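The values are calculated or read from the model by the stated rules, or taken from the named source; none is laboratory data. No experiment lies behind these values; they were computed from the predicted model shown. Note: ideal-geometry Cβ built from the backbone for every residue, glycine included; neighbour counts use all protein chains shown. Remember, those area values only see protein heavy atoms, side chains included, never the ligands or the DNA or RNA. Shrake-Rupley method; radii C 1.70, N 1.55, O 1.52, S 1.80 Å.
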Amino acid sequence: MRKVVVSSTLTDPEWEHTEVWPEATRERVDALKAEDGGDVLVYGSGRLVSALTDLGAVDEYQTLLQPVVLGGGTRARRRRRPHRPRAWCAPRPSPAASSCSCTGPRRPPPTRLRDVQDSAAAPPYPTQWEADVVLRDGGVVHVRPIRPEDHDRVQAFHLNQSPESIYLRFFAPLPRLSERELTRFTTVDHADRVGLVATLGDDIVGIGRYDRVGAGTAEVAFNIADAHQGRGIGSVLLEHLAAAARERGITRFLADVLPQNRKMVAVFSEAGYEVSHRYEDGVIALSFDITRSEHADRVRAAREQRAESRSVQALLHPSSVVVVGASRDPHSIGHRLLANLLDGGFTGTLHVVNPGADEVLGVPSRASVRDLPPPVDLAVVAVPADAVDDVVTDCAAVGVRGLVVVTSGFAETGDEGHRRQRRLVRRARALGMRVVGPNSFGVVNTDDGVRLNASLAPALPTPGPLGLFSQSGALGIAVLDSATRRGLGVSTFVSAGNRADLSGNDLMQYWVDDPRTRAVGLYLESMGNPRKFSRVATRLARTKPVIVVKSGVSSFGVPPGHAVRASTLPREAFDEMLRQAGVVRVDNIHQPVRRRTGSWCSSRCRPARGSPSSPTPTPSGRSPRTPR
């Protein structure tokens, strides 16, 4: 097949086996057809395609005034702006393509030796850009810079895309990426050319990249796997690409989007950026400033809150639960967990995995999690620590979204336990799951529509408006018992154990929107991300009282899910942070809490000094009692 690019400005397209004509006529096309004995592939503007159609040189169905490629298969590679043909030819996309999260640049320029040489002097691999991110539906993906060894994964990702998605991304049919294209995509310098991938397990489910095209300006492009569109992966990649670009001195993004790709246009606007639009040669040319602004920060915080709230909701509102390691021994942890679920009246489907039993407490048992009918929402894991990794892999196979790991023998046991815990969290997040624990005492939801007691608490607490979070399992159960004795109803309870993944920040994000929770109690033994805690607690405390029991010396450090380093800051620093957030601090779990006029307060607590959420302290240091 002969290929022709019609352009009055392009002289050297750097494309293989391609001619450049300043103009095209039917006679020239017919002559090439006769000479070649086959089809002629013509690239050019929408006006050119329309003119050739009028002359009868091409078929009518190929006369879109938006970018299309005549004849299918091979695509031309474009130059960077401004020397590129603005419109390409391709089969008309189906209406379903209008929801694709894909955008240009349409075709990567060829890899040159200079690109490879420049990459040798590029900055080192930016590990700080790696992150586990919670998506809109509560699932998790891992975002990281693209690497040359992603060659085969990128090809597999591309081959699994629909023709419509490929067209919306490349503005041309591209059944398979060439070796040159794969090298171009996966070999970047992490400075002028940056690529990020979102991975789930070993698969790439989203790709975002930018290429610097001028001083402070870069062209950005995305491609999201068909099966994962609508989960917010495009928004996440845009957020992380913008952060990486700002590190490299880039302040503005450009993008080309087809008019029918309305969803991708919305992604940019909904990210909090002021986007300018310009219709040019059948595409919408977008441009927006990516410097940080208060509005964009609020949008990002709102996205984070919704995503983390959904991830906790998936843990606390499961429609099916499996207890892995439930034993017939009534003294075993697994047996007690299953018994508590049954006694609490769990409203969903209950499964048991025990390869040595046909049934446990009347519930049929399976030999492996993989033998269960999917989907299974929540897995309660009570197996030896060295068997947990295999259980995590099996759980991913049946669509488990959350794990409650009551097993001990992790970070609390020393260096080997630390490594085992990091491996657990890394594997679970890579497979899209959140983890409560390990060394957790379980989770509780008293909602009549759920009645979930996947914990070591002997009975489901009385329903009520108090949400509880505890990093200590034993003290968490004591708090539940104390609330029950005082007649205080509980909405939800989570024992975080070692707090390897799910943290108090996640629970507070959930409680912001939970109508059943009107007051919050937190028992904290450490704090991984005090800045986020302050931000989230401030938002929650505006509408619901937040009471914190903090034991020992405060710890500050890296975000949740990583090892927390000890802090040398005095206790007053922690108190001041709570005061600014509007949080009430108490010294122990036994200080009485009573209900009064529909809100929760402490009658003998010692609030953080000057806290706007607490009564004004008296000279003796105690809060005055309010007359009944």
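Quick one: the Cα spread of segment 321-391 along its three principal axes, in angstroms, biggest first?
Here the Cα extents, ordered largest to smallest, are 30, 29, 19 Å.
With only Lys, Arg, Asp and Glu charged, each at its Cβ (+1 for the first two, -1 for the last two), find how big the charge dipole of segment 189-270 is about the Cα centre; round to the nearest 20 debye.
260
Could you tell me which of rounded, prolate or oblate describes segment 227-313, using a ≥ b ≥ c as the square roots of the eigenvalues of the alpha-carbon gyration tensor, with rounded for a/c under 1.5 and, failing that, prolate when a/b is larger than b/c and oblate otherwise?
Oblate is the answer for segment 227-313, as a/c is 1.5 or above yet b/c matches or exceeds a/b.
Given a 1.4 Å probe and every protein chain left where it sits, what share in percent of the accessible area of segment 199-246 is carbon and sulfur?
Carbon and sulfur atoms account for 47 percent of the accessible area of segment 199-246.
Which peptide among 223-229, 451-457 comes first, and what is the full order, when sorted by highest mean count of other Cβ atoms within 10 Å?
Numbers: 223-229: 19.9, 451-457: 24.0.
The most tightly packed comes first, giving 451-457, 223-229.
In terms of the Cα gyration tensor, with a ≥ b ≥ c the square roots of its eigenvalues, is segment 457-538 rounded because a/c is under 1.5, prolate because a/b exceeds b/c, or oblate?
Verdict is oblate for segment 457-538.
Leaving out ligands and nucleic acids, note down the accessible area per residue over segment 423-541 with a 1.4 angstrom probe, in whole Å².
I get 29 Å² per residue for this part.
For Val360, which sequence-distant residues (separation of 5 or more, or a different chain) have an amide H within less than 5 Å of its own amide H, given hydrogens modelled in the peptide plane?
Residues meeting the criterion, in which the H sits 1.01 Å from N, are Ser365.
Give the calculated FRET efficiency between Asp137 and Glu416 to the nearest 0.05, with a Förster radius of 22 Å applied to their Cβ-Cβ distance. Don't skip to the answer; put the middle values down first.
Details: r = 35 Å, r/R0 = 1.59.
Result of the calculation: an efficiency of 0.05.
Restricting to Cα pairs below 8 Å that are 6+ residues apart, what does the relative contact order work out to for segment 328-474? Please round to a whole percent. Intermediate values should be presented prior to the final figure.
Details: 243 pairs, mean separation 34.7, N = 147.
Relative contact order here is 24 percent.
Can you give the direction-averaged projected area of the convex hull of the alpha-carbon atoms in segment 134-192, in nm²?
The directionally averaged projection comes out at 5.4 nm².
Could you please state how large a percent of the accessible area of segment 288-328 is carbon and sulfur, counting protein chains only and using a 1.4 Å probe? Could the numbers behind the result be given before it?
On the way: 790 of 1730 Å².
Result for segment 288-328: 46 percent of the exposed heavy-atom area is carbon or sulfur.
At 1.4 Å probe radius, can you tell me the per residue accessible area of segment 190-263 in Å²?
Ligands and nucleic acids excluded, the result is 28 Å² per residue.
I'd like the carbon and sulfur percentage of the solvent accessible area for segment 475-550, probe radius 1.4 Å, heavy atoms only, ligands and nucleic acids excluded.
Numbers: 1210 of 2390 Å².
Answer for segment 475-550 is 51 percent, counting heavy atoms of protein chains only.
Would you calculate the convex hull of the Cα atoms in segment 454-495 and tell me its volume per residue in Å³?
Spelled out: Cα convex hull of segment 454-495, divided by residues, is 59 Å³.
Check Leu254: other-chain or 5+ apart residues with amide H under 5 Å from its amide H, H built from backbone geometry?
Distant-sequence amide H within range of Leu254: Ala218, Glu219, Val220.
To the nearest whole percent, what portion of all C-alpha pairs in segment 146-258 is separated by more than 19 angstrom?
44
Starting from the amide H of Ser320, placed 1.01 Å from N in the peptide plane, find each other amide H under 5 Å away whose residue is 5 or more places distant or on another chain.
Long-range HN contacts for Ser320: Thr349, Asp377, Leu378.
Using a Förster radius of 35 Å, what is the FRET efficiency between Asp386 and Glu149 based on their Cβ-Cβ separation? Nearest 0.05, please.
In this case the efficiency is close to 0.75.
Calculate one ³J(HN,Hα) per residue across segment 390-403 by plugging θ = phi - 60° into the Karplus curve 6.51 cos²θ - 1.76 cosθ + 1.60, and present them in order as whole Hz with x for glycine and proline.
Running phi through 6.51 cos²θ - 1.76 cosθ + 1.60 with θ = phi - 60° gives 5, 5, 4, 4, 5, 5, 4, 5, 10, x, 4, 9, x, 10 Hz.
Along the Cα-to-Cβ line of Arg278, 7 Å from the Cα, sits a label point; which residues in segment 242-266 have backbone N less than 18 Å from it?
Residues passing the 18 Å test: 251-259.
How large is ³J(HN,Hα) for each residue in segment 521-528, as worked out from phi by the Karplus curve 6.51 cos²θ - 1.76 cosθ + 1.60 (θ = phi - 60°), to whole Hz, x for Gly and Pro?
Per-residue couplings from phi come out as x, 10, 9, 10, 9, 7, 9, x Hz.
If you average 1/r over all unlike Cα pairs in segment 362-461 and invert the result, what Kirkwood radius do you get in angstrom?
Averaging 1/r across every pair of different Cα atoms and inverting gives 14.3 Å.
Is the shape of segment 373-424 best called rounded, prolate or oblate, per the rule: a/c under 1.5 gives rounded, else a/b larger than b/c gives prolate, else oblate, with a ≥ b ≥ c the square roots of the Cα gyration tensor eigenvalues? Don't jump to the answer; show the numbers that get you there.
On the way: a/c = 2.78, a/b = 2.35, b/c = 1.18.
Prolate, since a/c reaches 1.5 and a/b exceeds b/c.
Taking Cα centroids, how far is segment 268-310 from segment 236-265 in Å?
8
Kindly state, to the nearest 0.05, the FRET efficiency for Ser287 paired with Glu179, given R0 = 30 Å and r defined as their beta-carbon distance.
Details: r = 33 Å, r/R0 = 1.10.
Between Ser287 and Glu179 the formula returns 0.35.
Quick one: length gained pulling Ala243 to Ser482 fully straight, 0.36 nm per residue minus the C-alpha distance?
Working: separation 239, 0.36 × 239 = 86.04 nm, distance 4.61 nm.
Here the segment from Ala243 to Ser482 would lengthen by 81.4 nm.
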